[in-house]
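**Q** Starting off with a structure, shown below.
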Amino acid sequence: YINIYSGHTNNWAVLVCTSRFWFNYRHVANTLSVYRSVKRLGIPDSHIVLMLADDMACNHRNPKPATVFSHKNMELNVYGDDVEVDYRGYEVTVENFLRILTGRLPPSTPRSKRLLSDDRSNILIYLTGHGGNGFLKFQDSEEISNVELADAFEQMWQKRRYNELLFIIDTCQGASMYERFYSPNLMALASSQVGEDSLSHQPDLAIGVHLMDRYTFYLLEFLEDIHPASKTNMNDLFKVCPKSQCVSTPGHRTDLFLRDPGSVLITDFFGSVRKVELTMETINLTDPIEQLESGELQKEMHTYADQLPVSEIIHQKPKQKDWHPPDGFILGLWTLILLVFFQTYGVKHLKHIF
Amino acid sequence: MKIRRAQQFVKYSDQPVMLKLKRGQLAALSIAAVVIIVGVPLWWRTTETYRAWLPVSQIKELAKLQLHLSADVEVVFARGTVTPEQQKKVPLTQTQNMEHRVDEDTALSYRYETRYRTATIMEEDALNQPTAAEADLSLHTLSESPSGSLVVYVIPESSSLLPQNVDVYIGQRRTALLRIGSQMRVGKTLEQLLAHMEPRIKQVLHVMSFSHTDITAALSNRVRISPGNKESIADSMRAFKSSPGYEITFSLLNPDPKSHRLHWDIEGAVETYIQPLLTKLSPVANFSIDSQTLYYAMLGVNPRFDSSRSTYTLNADSLAHVINPVEARLGSNAASSNPVLNFLLYIPDAHHSPLYIHDHKKQQVPTNAFHSPRWGGIMIIRQCWVYNVNEFYEVDTVFPVDINIDMAKVMGVFLAQLRLLLGVQSSTPPPGFLVAPCGNAGLADWELDRLMWSRSVENIATATTTITSLAQLLDQIGNIVINDNIAQQVSSAVTSLQLAVSELEAGNLGFALQYSKEAILSSERAFFDPSLLHLLYFPDDQKFAIYIPLFLPMCVPILLSLLKIVSEARQKHREKKPKKD
């Protein structure tokens, strides 16, 4: 059968920037531009998991603090004032990323840091950073391989944690990351093929770094034309950034996807168009409301815990440092000196000491 | 002194050669022995991952899911429906079995046990009531049917309980009234009577008890079912999936606090109207309710002015864009991961009052409300449900105006939406059926039974899929550590599943649902345990790269010396041979 209806009731987005340090400014700008488009098209913050190192806006080298620009001449500030970063700094690790996807988070994780999708959720996953053939580098210290990613998606499918999943990756040799997928209903786009590098777009001379990657720059331009009611489909998305503009060859993979890409709307993944039904029935309720006595309601009085007892801080005396015996280095040094002394002058001198 | 001391130490180079060789051989052999006997097992044990025992065979058995559902039906003949001749053969019990194979791993079998008997005198009195609703009430006071069973009272054609074109009346509890034709048309023997009644009874069972479409829809987690048409897709998408708990949030949206001061008695309304339904649904799930008021929350869509009716209107097409701007401000309980049902009540601002929703045919929607599948419902207040209406259009009104909301009407709509979203609603009944309104609890007993059937099946299907895929995953990836608590959760999930399946077969609906909920909780806890994260993917070349620098420098001298020993022994053996000969 050919199913042209998407069958999803809610949308989620997982946007990950896997780099840190000032010279990787463009990766943060990439992720924030996708975040901005996705929010503009309707996905609320509660359904977006944003993972950034978040060290750009308040970096010492940023000439315009609290901003992250995506176009040169500082035209568009994608940082804005309502960015909600769920995983920042050193929390952006391979482990956390896989935990989010598979749902294996510790029970203390708050709701905003979880991917609470169900079998009717369409999920958009966007990764950007430095990558290679079959791996993606996370924060300069670890890597995620394409096999691990494919296994994570398979576990999501086993637990029916998605209806359809769109995977976009903007790194060097990005197409290698989707080679190993084997779960159904996955569509993947990458900015470059195996053996090719994804290139950055344009530097801004005032800020001093490259602001965006080419693929995401043209992707953002494409998304700016999309509004919540538009009917543009995935075939147009595949044409974004041809080789003449991108220098690398973008690739895509649709063989695991059940629907025809021409019938998949952009807003199925990037936006959040709800299905609504008119309520035709009502229930006739005739009982009058019971008047509850105010004594029955137990009102809990909440008070703030005294976290910073200011009076104690002001009148604190400096703490006495406890005496510690000399540590190993000093002991070793003295032992060495004594040994050398007795070796040189003979043991018989011991009686002069003791 | 010095000489004696010197004699004790013989230089190693002066010792005889044979002794040297033998010592060398012994050294090599003992090192090899230590490496093989002590080293290799030690390395194996220390690099092993701890994997507790899992009941793999029982899990494989559960993978082939065979569900047996059984329902008890009692058919009671009132006076005038059976001839004395037929009455002699009653009481009678019949059993019907139906098997369905859904796919290669899942099979369903339905069993209906029907008991036929005649009515008692008290039941006859109850059936003499003027209306069907009162008859239903008095029948209920006589006896209470257990969960999952049905009673059908057969009344003669001459009875005036049902209106003219209605043959079947479905009550609020677990009873139905069926009117059959006159004895002339029906037939003389009991078999003919039963054969005549069978299609009707089948329809009643289809409506009030489990039906094949509902049960296969509940299995959708396990079986890839191709959806039939747009309606069935919409039906399967609307209700929330089975979950141990839900959160319900009632929000009052006031975009214009300068003009309106709203008063709604939400606590009383929830206690009176919503809580009875949730208490009745407590075997199915836990519910937590909260409410909030949001100020300056706009709808996000501009309503159009309809000059013919001098009201503002919202088109059905623009309703889809209403939800997103509001959702960002709704908030939810950060501590729980339960699905949230949002019910919003919107009071239009003074410049856009009154505001009505129009459907595709430009007709006003009577409830003025709409709902979104798996999300919740939004209602726009109607002028007639609000007191202090007349002061709106006067010039010298003092703003803000006090508005008291009629919670009974509001909660009536929210309750209907809640029923839809929880999956209580059934499909349209066949022609000739009259279904009683669900009453103040908001839920008929047979509707609760239907929900319990589908929830039990859904829970069992989901839990078996979870456990099977977890066992498969742990089998495939040898590096994952399986702690004792995970093994215990898996074992308890397996036990609960087996109990749930057997209780379902026995027809004990309440116990089946309870065991299935326990199975779901254990299996989810086991599957989503944070320790089960397989982070280490080692391709083979990386394994070689780690072990070769460690083991190769150690193994090469041992191997070479062993080879040397073997070659020397063989040489000696060859030298000895000619001597023997």
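**Q** Which value, in debye to the nearest 20, describes the size of the charge dipole of the stretch B:67-216 about its Cα centre when Lys and Arg Cβ atoms bear +1, Asp and Glu Cβ atoms bear -1, and nothing else is charged?
**A** The calculated dipole for the stretch B:67-216 is roughly 500 debye.
**Q** Please name whichever of B:ASN440, A:PHE69, B:TYR295 sits farthest to the positive end of the charge dipole of the protein assembly as shown, dipole taken about the Cα centre and charges placed at Cβ: Lys and Arg +1, Asp and Glu -1.
**A** A:PHE69
**Q** Using +1 at the C-beta of Lys and Arg and -1 at the C-beta of Asp and Glu, which of B:ALA63, B:ILE482, A:ALA57 has the Cα lying farthest in the positive direction of the dipole of the protein assembly as shown?
**A** About the Cα centre, the residue reaching furthest to the positive side is B:ILE482.
**Q** Across chain A, where is the longest run that never hits GluC sites (Glu not before Pro) in a DSSP loop with at most 12 other C-beta atoms within 10 Å?
**A** It works out to A:76-289.
**Q** Per residue of chain A, what 222 nm ellipticity follows from adding -39500 (n - 2.57) for every DSSP H run with n ≥ 4, rounded to the nearest 500?
**A** -7000 deg cm²/dmol, from helical runs alone.
**Q** So who's got an amide H within less than 5 Å of the one on A:GLU142, skipping anything under 5 residues away but keeping other chains? H placed 1.01 Å off N, in plane.
**A** Those qualifying (amide H under 5 Å, at least 5 residues apart or on another chain) number zero.
**Q** Could you compute how fast chain B diffuses translationally, taking Rh as the Kirkwood radius over C-alpha pairs and applying Stokes-Einstein at 10 °C with viscosity 1.306 mPa s? Give it in µm² per second.
**A** Using the Kirkwood radius from Cα pairs, D works out to 52 µm²/s.
**Q** Taking the alpha-carbon distance from B:LYS409 and a cut-off under 19 Å, which aspartates and glutamates remain once sequence neighbours fewer than 8 residues away in the same chain are dropped?
**A** Cross-link targets: A:GLU281, A:ASP287, A:GLU290, B:ASP265, B:GLU267, B:GLU271.
**Q** Here's something else I'd like to know. For an R0 of 51 angstrom, estimate the FRET efficiency from the Cβ-Cβ distance between A:GLU142 and A:GLU290 and round to the nearest 0.05.
**A** Efficiency computed from Cβ-Cβ geometry: 0.30.
**Q** If you don't mind, there's one more thing I want to ask. For an R0 of 45 angstrom, estimate the FRET efficiency from the Cβ-Cβ distance between A:ASP255 and B:HIS196 and round to the nearest 0.05.
**A** That pair, A:ASP255 with B:HIS196, gives E of 0.20.
**Q** Next question, about the same structure. Among B:SER211, B:THR118, B:LEU178, which residue has its Cα furthest toward the positive end of the charge dipole of the stretch B:67-216, with +1 on Lys/Arg Cβ and -1 on Asp/Glu Cβ?
**A** Result: B:THR118.
**Q** Within the stretch B:106-208, list the trypsin sites (Lys or Arg not before Pro) lying in a DSSP loop whose Cβ has at most 13 other Cβ atoms in a 10 Å radius.
**A** Qualifying residues, ordered by number: B:LYS188.
**Q** If a cysteine in the protein assembly as shown has no other Cys Cβ under 4.7 Å from its own Cβ, put it on the list, ordered by number.
**A** A:CYS17, A:CYS58, A:CYS172, B:CYS384, B:CYS438, B:CYS555
**Q** Return the FRET efficiency for the residue pair B:LEU563, B:ASN479: r is the Cβ-Cβ distance, R0 is 41 Å, and the value is rounded to the nearest 0.05.
**A** So the FRET efficiency works out to roughly 0.70.
**Q** Let me ask something else about it. Working from Cα positions, state the angle (0 to 90°, nearest 10) between the long axis of helix A:25-40 and the longest principal axis of chain A.
**A** Between the helix axis and the principal axis of chain A, the angle is about 40 degrees.
**Q** Explain nothing, just the number: relative contact order of chain B, from Cα pairs under 8 Å at least 6 residues apart, as a whole percent.
**A** 18
**Q** Would you tally the net charge around B:GLN364, using a Cβ to Cβ cut-off of less than 15 Å, leaving B:GLN364 out, and scoring K and R as +1, D and E as -1?
**A** Computed value for this residue: +3.
**Q** Quick one: of B:LYS20/B:LYS576; B:LYS22/B:LYS576; A:LYS113/B:LYS280; B:LYS88/B:LYS280, which pairs are farther than 30 Å apart, Cα to Cα?
**A** A:LYS113/B:LYS280; B:LYS88/B:LYS280
**Q** Would you mind finding the longest exposed-site-free stretch of chain B, with exposed GluC sites (Glu not before Pro) meaning DSSP loop and at most 12 other Cβ atoms within 10 Å?
**A** The segment B:145-393 is the longest one with no such site.
**Q** Might you report the magnitude of the Cβ-based charge dipole of the protein assembly as shown about its Cα centre, with Lys and Arg at +1 and Asp and Glu at -1, to the nearest 20 debye?
**A** Computed about the Cα centre, the dipole is about 5640 debye.
**Q** I've got another one for you. Charges only on Cβ, +1 for Lys and Arg, -1 for Asp and Glu: so what's the dipole of the stretch A:166-284 about the Cα centre, in debye to the nearest 20?
**A** 200
**Q** Within 13 Å, Cβ to Cβ, of A:SER248, how many net charges do the neighbouring residues add up to if Lys/Arg are +1 and Asp/Glu are -1?
**A** Around A:SER248, the surrounding residues sum to -2.
**Q** Any chance you could give the angle, 0 to 90 degrees and rounded to 10, that helix B:132-142 forms with the longest Cα principal axis of chain B?
**A** 60
**Q** Once the Cα gyration tensor of the protein assembly as shown is found, what semi-axes does its equivalent ellipsoid get, as square roots of 5 times the eigenvalues, in whole Å, sorted largest first?
**A** For the protein assembly as shown, the semi-axes come out at 67, 43, 29 Å.
**Q** In whole Hz, with x marking every Gly and Pro, tabulate ³J(HN,Hα) for the stretch B:510-521 from phi via Karplus 6.51 cos²θ - 1.76 cosθ + 1.60, θ = phi - 60°.
**A** Here the 3J(HN,Hα) series is x, 5, 4, 5, 5, 5, 5, 5, 5, 4, 4, 4 Hz.
**Q** Now for a separate question. Show the residues, 5+ positions off or on another chain, whose built amide H is closer than 5 Å to the amide H of A:TRP12.
**A** Under 5 Å from the amide H of A:TRP12: A:ASN122, A:ILE123, A:LEU124.
**Q** Using only alpha carbons, build the gyration tensor for chain A and give me the equivalent ellipsoid semi-axes, biggest first, whole Å.
**A** 50, 34, 23
**Q** Within chain B, which is the longest segment containing none of the chymotrypsin sites (Phe, Trp or Tyr not before Pro) that sit in a DSSP loop and have at most 10 other Cβ atoms within 10 Å?
**A** B:54-581
**Q** Report the paramagnetic label zone for B:ASP359: residues of the stretch B:407-447 whose backbone N is under 16 Å from a point 7 Å from Cα along the Cα-to-Cβ axis.
**A** Answer for this model: B:417, B:428.
**Q** While we're looking at this one, here's another question. Amide H of B:ASP256: which non-local residues (sequence gap of 5 or more, or other chain) have their own amide H closer than 5 Å, using H built in the peptide plane?
**A** B:TYR296
**Q** Over what distance in Å are the Cα centres of the stretch A:206-226 and the stretch A:27-88 separated?
**A** Distance between centres, Cα-based: 12 Å.
No value in this document is a laboratory result; all are computed from the given coordinates. Bear in mind that the values here come from a model prediction, so they are computed numbers and not experimental data. When we count neighbours, we look across all protein chains shown, and the Cβ atoms used for this are built from the backbone with ideal geometry, even at glycine.
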